[in-house]
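Comments concern the structure below.
The values are calculated or read from the model by the stated rules, or taken from the named source; none is laboratory data. Just so it is clear, the structure is predicted and the values come from calculations on it, not from any experiment. With ideal geometry, Cβ positions are generated from the backbone for all residues, glycine too; neighbour counts draw on all protein chains shown. When the accessible area is computed, the model is the full protein with side chains, heavy atoms only, and any ligands, DNA or RNA have been set aside. Shrake-Rupley method; radii C 1.70, N 1.55, O 1.52, S 1.80 Å.
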Amino acid sequence: MSAFNPIAPRRAAELIEQAGIGNPANILVGSSSIGLVKAYARMIETKNADGTHSEVRDSRIPRDLWQRIADAEMGEQILSSFTVLLAAEPANPAVAISGIRFDDKSLLALIGQHSAAARHSNEMISPNVAERAQQVTEVAAKEAKVPDAAASSPKARPALSALPEGAVLVTVNQAMAALGLGRTKVNDLMVKGTLVRVKIDTRTLITSESIRALIPPTSI
């Protein structure tokens, strides 16, 4: 397992609360399920239907398990006990995940991008958290403004310059400008899953990776 800076779920929740970017449990589970925040476990024990079982120690928690955690709405349980027990399903075995920890660098990078307080003031986030978030997102924390004409024109040329350099998640308007598409088409791509969207409290954001995958190299 590669080196990382582990913090307990409660500490991760405190950082999110200080940043004021939404419900800590929802953000941790949702961001971990798409790989934006790295999460690890002391032990992942799988119990198969045939009675066999396996154990993996000190490993990153796979995204498919995070999706099951999200579906079972177990985010609050992680914050209180650092452990989750996923019941067996027709297509999935029972899994016990214990000693859950989060990587503070990837979490602070997320906070640095999506907390207006971290970018513009210290009103919603403590100076210490803002400073640490800025250190790991010096470039990504700068959010570019998208001209209305570029965002609304369905015939605009793709323009990666509309994406803030180093950003992992961007706004819908920035995605529209980068792809040269209108809102209806972008919504359609999100529904199809071609554009990967992430809900941060009430905000809808799109991963930069899924946007770049749609732009031909000749347009870059």
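Descriptive notes on the structure:
- Measuring only protein heavy atoms, the 1.4 Å probe finds Glu165 accessible over about 140 Å².
- Distance in nm between pseudo-label sites at Val56 and Asp188 (7 Å out along the Cβ direction from Cα): 3.8 nm
- Once you reduce region 40-84 and region 6-32 to the center of their Cα atoms, the two points are 18 Å from each other.
- Label zone at Ala94, where the point sits 7 Å out along the Cα-to-Cβ direction: region 19-55 residues whose backbone N lies under 19 Å: 43-55
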